[in-house]
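Heads up: the structure comes next, in structure tokens.
What follows is calculated from the coordinates using simple rules that are stated; it is not laboratory data. Being a predicted model, the structure only gives us computed values, none of them experimental. Note that we place each Cβ from the backbone using ideal geometry, even for glycine, and neighbour counts take in every protein chain shown.
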Ligand SMILES: [Zn+2]
């Protein structure tokens, strides 16, 4: 049997058309693993191309079982507790976008959302943005990388609907309630390139959530722009006891979500 180049290309094109983007992406991950072996974000051990963490680290991750409410959202879910075990991987991801972290974190959010009561038909995934200045300095937005991976896992498009228009200070560096509240107000805006989001069901994602002020600020802007429902999810979530109690007294729009 003779295979011509045209025949092979036709067969490849036919197979590609029959597959959805999610399946193609799994094949891509399998192939890319030969060049850049997949590693565990916590211990750097080599793991299977479709694994998120190694078995040992996975068993050390504390799943988040709280029921935090985030203002302006219709539901919130998180995969794990932001504790001493997972913190180094989260912080490393803010300094270095190499490796498997974005995929592992996307898998975590995917799991948390599927296990949540609000799991359903989302129209778009929207990542929490960073400022242009931060983007120039760092070169990437870690939450956007997670969103890009999540679109394959959930088979939902992602859209950079929001822009961050104001840099925020560390909440712990601010003293008064008014100062902290002002710090988290008018931080986000809807991008002129966002398209129509009226009536859309949005899954808003972030890498880490502390008291929820960042997600709440972003959700408020999306709702004001006409979004139908806004659900929020993060990979990690601080537990209430981990936060400074003085920050909790300032309400839902004044937390210490200063991961950036
Ligand atoms: Zn590991």
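So between residue 193 and residue 74, what do we pick up on full extension, going 0.36 nm a residue minus the alpha carbon distance? Show your work: numbers first, answer last.
Details: separation 119, 0.36 × 119 = 42.84 nm, distance 2.48 nm.
Length gained between residue 193 and residue 74: 40.4 nm.
Would you mind putting 222-228, 203-209 in packing order, based on average other-beta-carbon counts within 10 Å, highest first?
Values: 222-228: 16.9, 203-209: 27.3.
Result, highest mean Cβ count within 10 Å first: 203-209, 222-228.
How much length, in nm to one decimal, is gained on full extension between residue 179 and residue 28, taken as 0.36 nm per residue of separation minus their Cα-Cα distance? Each step should come with its number before you reach the end.
Numbers: separation 151, 0.36 × 151 = 54.36 nm, distance 4.77 nm.
Length gained, residue 179 through residue 28: 49.6 nm.
Sorting 73, 168 on the 10 Å Cβ count, fewest up front, what's the list?
Starting with the residue having the fewest Cβ neighbours, the order is 168, 73.
Fewest first, what order do 153, 31 take by the number of other Cβ atoms within 10 Å? Walk me through the intermediate numbers first.
On the way: 153 19, 31 10.
Ascending Cβ contact count within 10 Å gives the list 31, 153.
Relative contact order of the range 56-101: what whole-number percent is it, with Cα pairs under 8 angstrom and at least 6 residues apart?
33
Using a 10 Å cut-off around each Cβ, can you sort 211, 131 from fewest to most neighbouring Cβ atoms?
Neighbour counts put them in this order, fewest first: 131, 211.
Residue 186 label point, 7 Å along Cα→Cβ, cut-off 20 Å on backbone N: hits in the range 208-234?
It comes to 213-226, nothing else.
Classify the range 54-171 from the C-alpha gyration tensor, please: rounded if a/c falls under 1.5, else prolate or oblate depending on whether a/b exceeds b/c.
rounded
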